Ligand SMILES: Nc1nc2c(ncn2[C@@H]2O[C@H](COP(=O)(O)OP(=O)(O)OP(=O)(O)O)[C@@H](O)[C@H]2O)c(=O)[nH]1
Ligand SMILES: [Mg+2]
Ligand SMILES: [Zn+2]
């Protein structure tokens, strides 16, 4: 390796980083000073970061992190306001949801979308495990797909174990995609199906609790082709909202964003109990889905979403 090299962080366990340099993965540490620089974040270097590094024996030392185009945070631990950067420099996020085994609530889906929207990252929802659905459940899922499509979010259902997944290649090609969702929804199963080079461990779903067992424990990025990267993440129970004030939350609900200028109190309206609120009128009329408005109210109220 020449003196200073640019690399792409593929995996981190908190103290070691696997960094891709010229097609080779190099184990790296970070310089002590860099740790202190990451003031508001628990991890100064995240998967997806481009870093400058110098050789250190067979390994390397990360000297600095290059500016990020964006990043996605996992959760703010409310006590100390620290955020954990899940990954950086992402082109799009896929939320894997499932109707059962485990169930993904609409509140969770909306929180995830709002969070990605606040970082201006395009969102896709995949409803996995369609092989487990009866006709009524399939109908319900179709309704949700229509709802989210109408909001500009790509959404579709599939079975990661049964379906031919080739059609996903176009969606992923030449992009960096982060895959997120509850434990057990099939994130790693899907990724394994996308490339013969990926062999992530697959877990089970407890029949007692209908919850996954947190099989994937580290965020890891895989290269599917020259410019196509996919990031597998550990399942999350809830999606914490980082640093968002009540006024800005409706900015991240596309169907509410423009309407608020029609509210009597325009930019000050929180769409809760204010008079002449265009958003609440739209909920009454059915042009804004009740489930979306409920998610909105719950986020404004600062409720945790543990359902
Ligand atoms: N029936 C059915 N089961 C699936 C499908 N996709 C995944 N599974 C099963 O769901 C279980 C969990 O799959 P994983 O891929 O480990 O889930 P994960 O989202 O990576 O979970 P964590 O790593 O814990 O976050 C496994 O038993 C899979 O076989 C599907 O489309 N249909
Ligand atoms: Mg997994
Ligand atoms: Zn309003």
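Observations, loosely collected:
- Unique residue being closer than 20 Å to residue 253 by Cα and in contact with a strand residue (DSSP E or B) (Cβ under 8 Å, 6 or more places away or on another chain) when the list is 121, 90: 121
- Count of segment 190-221 residues which are without any contact (Cβ under 8 Å) to a residue 40 or more places away in the chain and under 16 Å from residue 160 (Cβ atoms): 14
- Residue within segment 235-253 that is out of contact with any helix residue (DSSP H, G or I) (no Cβ under 8 Å at 6 or more places or on another chain), within 16 Å of ligand 1 (Cβ to nearest atom) and not in a strand (DSSP E or B) present: yes
- When residues of segment 76-99 are limited to those that are modelled with pLDDT of 95 or more and not in a strand (DSSP E or B), the one surrounded by the fewest Cβ atoms within 10 Å (Cβ to Cβ): 91
- A single member of 73, 65 is modelled with pLDDT under 95, under 21 Å from the mean Cα position of the chain (by Cα) and buried (at least 19 other Cβ atoms within 10 Å of the Cβ), and it is 73.
- The single condition from (1) outside any loop (DSSP other than H, G, I, E, B); (2) within 16 Å of ligand 2 (Cβ to nearest atom) that residue 102 fails is (1).
The values are calculated or read from the model by the stated rules, or taken from the named source; none is laboratory data. All of these numbers come straight from a predicted model, not from anything done at the bench. FYI the Cβ positions are ideal-geometry reconstructions off the backbone, even for glycines, and counts take in every protein chain you see.
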